[in-house]
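Report on the following structure.
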C-alpha cells in the first residue's frame, strides 16, 4: 500500500498531531516509539494506525526514556524513526537526546508543547520548552529546531525534519504546541507519484576501509546501519573516528565536539527558514515563531489597517538561531517585540543577537490560552514597557 | 463567520464543529476547528468552535461569536454573552431557556426528543441540530454537509445520521415558513 492510500486521501481536514504523523510517513519514517501524553497522544495513535499499513512498526514503550532509546536503536538499524511527546516526556528524553547528538544518530522528536513546569496544564498550549530544546541536554551540542504554525506545516516540517536528520546525522525537533496539535485545518499532501522515499545510502567506502565517525561530506560522517556488513562501535563516550572510546585526550574530545556542533552551525544559512514581512519605514518589528507567529501576522494586518508601519519576521527554523537574519531584519528598527507563550525565552536569544541594536521587548502570556492578535497590537502600541497579557 | 457549538460531553459537540469545518473546506473556503479539551469533554461543559471565511484566518481564540448552538443550559449561560447582537442563537429547547436579556435572533428545537421519538436514537440529536442550523443559515452547502457526515460517522450509521440531518433541515424550513 502506498503512503497516500494508507493515509486515505490527499486533501484532508485534520489535526496538527495527525498531520505530524502524515509528515513522518512522507519523510520515510517506518518506526515510531512513544508513550502517550496529552496533547501529543494523537501522534502516536495515528502512527499506530498508519505504520502497520506500510510495513512499519509502532511500539508503545514503558516511558519516554525507553521511547527515545528505541528510536535511537531503530535508527541504527536503518529505519527512519520518530517519537512524539510533550514537556514532561521531553524532560525525560534529554539523556537520550544527548546520546543521539554524541552518536550522531538521525531521529525526529515532535514536542507538542503544553503548559509547564512539571505536569502543569496538560491540555493547554504553551511555548515553554524552547530553551530546553536548545539547552536541555548536558554538554555542548547543537539541535535543529523547527516550529510549525499551521496543520499543513505539521506535515511539511515533520517531513523536512527527516531529511535534515539524515543529512546532518542529528536529532531534529518539531516544536509544535497544544493549539496547533489539536486544531483542525485543511491539508494537501503530495500525489503518490511525487513521493520518492529512498533508504539511507550506504557508505561510499566498502567495509574494512570505512571509518564510522570520519567526516567525509563537510563535517558529517556517512552512516552504516547495523546488519549491513559494516563494523560500527557506538558509544556516548568521547570517541575516536573509529568509534572506540577515548576519554582523556583533550585534542580528540575537542575535535569531536567542535565537529558535531559545527556541522550544524556552519550550515545555519542553509538551515534557516523564515518568513520576512518588512514594511519600509517601520521602526517597530515583531519576531515570532510557532503558534504566536500566526497571531503576530494577524496583529500586523490590524496595525497596518490603522496606518501604522510594522515589520514582522517569523522564524520557521528557530535553531540553529538565524542571528544574521535577525540583525538584518532589525537594522532599521528601534523596537523589536517577541510574543511567546512563556515568561520570556526566545526574546533573550533575540536580545543577544541584536546586542543593543534595538530594544527587545517580551510579550509574554501563560495560563493556557494563546496570545491573540489584539494583545500583540496592544503591546506594539504601548510605550515600550514590558507587556504581560 | 465564527460558530460555537456547545453542550455537555457525550452530545457529539466536537463532531459538529469538525463536520462544519470539513464541509466548508469542501466548499473551497478556509476553516479552522478548535475545541475544549479536557476532563470536561467527558461530561462537563464542552465547546467546539469553527471559523469559516474566504481568506486567511489569524485569530484562533475569540470571545465574540456570530453563531451559538447551545445544547445545554450551562453552555448557553456561559457563551451567550459572547454572541454578537446581530448573531444567531440556536438551542435545544427542552434543555435550554435562553437568558431573557438576549433580544437577538433565536431558534429552538427539541432535537434530543425528536431523535428519540422519531428515529429511536438520542445519539443523533447533534445531527438534527446540525441540519437545523444549516437549514436556517446555509453556512455550508448541503452536498458538502451530507458528504462530510457520511464520511465522519461510524460505519453502518450513515443512513440514520443523514435522516437525522434531514429532519433538522425540515424543521428549519418549517420555522422559516412561520
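Nothing in this text is a laboratory measurement; each read-out follows from the coordinates by a stated rule. Keep in mind the model is a prediction, meaning the values are calculated, not measured. Cβ: placed from backbone, ideal geometry, glycine included. Neighbour counts: every protein chain shown.
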Any idea how far the Cα center of region A:314-389 sits from the one of region A:245-311, in Å? 11
Within region A:152-173, find all residues whose amide N lies under 19 Å from a label point positioned 7 Å from the Cα of residue A:11 along Cα-to-beta-carbon. A:152-153, A:155-156
For chain A, the longest principal axis of the Cα atoms and the Cα long axis of helix A:87-102 enclose an angle in degrees, to the nearest 10, of 50
Estimated distance in nm for a label pair at residue B:53 and residue B:177, the labels positioned 7 Å out from Cα along Cα-to-Cβ: 3.7
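Hey, what's the Kirkwood Rh for the protein assembly as shown if you take every pair of different alpha carbons, in angstrom? Provide the component values of the computation, followed by the final result.
Values: mean 1/r = 0.0396 Å⁻¹.
25.2 Å is the Kirkwood radius here.
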Sites residue B:151 and residue B:27, calculated FRET efficiency, Cβ-Cβ separation with R0 22 Å, nearest 0.05: 0.90
Could you check which residue among B:84, B:68, B:60 shows the biggest mean-square fluctuation in a GNM of chain B with a 10 Å Cα cutoff? B:60
Can you tell which of A:129, A:355, A:374 shows the greatest fluctuation in a Gaussian network model of chain A with Cα springs below 10 Å? A:355
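Return one quarter of the surface area of the convex hull spanned by the alpha-carbon atoms of region A:274-388, equal to its mean projected area, in nm². Before the final figure, lay out the partial values.
Working: hull surface 24.8 nm².
Reported value for the Cα convex hull: 6.2 nm².
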Please report the projected area of region A:215-268's Cα convex hull averaged over all directions, in nm². 4.1
Given a 10 angstrom Cα cut-off, can you work out which residue in A:61, A:130, A:47 is the most mobile in a GNM of chain A? A:61
For region A:96-150 and region A:157-212, what is the separation of their Cα centres, given in Å? 17
Between residue A:280 and residue A:194, what length in nm is gained on full extension when 0.36 nm per residue of separation is reduced by their alpha carbon distance? 27.0 nm
If you line up the long axis of helix A:64-76 against the longest principal axis of chain A, both from Cα atoms, how many degrees apart are they, to the nearest 10? 60
If you stretched the chain out fully between residue A:131 and residue A:355, how much longer would it get, using 0.36 nm times the residue separation minus the C-alpha to C-alpha distance? 78.8 nm
Distance from region B:39-113 to region A:1-67 (C-alpha centre basis), Å: 34
To the nearest 10 degrees, the tilt of helix A:290-305 (Cα long axis) against the first principal axis of the alpha carbons of chain A is 30
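I need the calculated FRET efficiency for the pair residue A:119 and residue A:209, taking r as the beta carbon distance and R₀ as 60 Å, to the nearest 0.05. Before the final figure, lay out the partial values.
Working: r = 51 Å, r/R0 = 0.85.
E between residue A:119 and residue A:209, to the nearest 0.05, is 0.70.
Using the number of other C-beta atoms within 10 angstrom as an exposure proxy, rank A:76, B:102, A:135 with the fewest first. Display every interim value, and only then the final one.
On the way: A:76 20, B:102 17, A:135 12.
Lowest count first: A:135, B:102, A:76.
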Gain in span if fully extended, residue A:57 to residue A:257, counting 0.36 nm per residue against the direct Cα distance: 68.7 nm
From Cα pairs below 8 angstrom and at least 6 apart in sequence, can you work out the relative contact order of chain A, rounded to a whole percent? 16
Of B:31, A:91, how do they rank once you tally other Cβ atoms within 10 Å and put the fewest first? A:91, B:31
Per the 1/(1 + (r/R0)^6) rule, R0 = 41 Å and r from the Cβ atoms of residue B:105 and residue A:266, FRET efficiency to 0.05 is 0.05
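Determine by what factor the alpha-carbon radius of gyration of region A:1-149 differs from 2.2 N^0.38 Å, reporting the quotient. Don't jump to the answer; show the numbers that get you there.
Numbers: Rg = 14.7 Å, N = 149, 2.2 N^0.38 = 14.7 Å.
Output field value: 1.00.
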Under a point spin-label approximation (7 Å from Cα along Cα-to-Cβ), what is the residue A:246-residue A:323 distance to one decimal in nm? 2.9
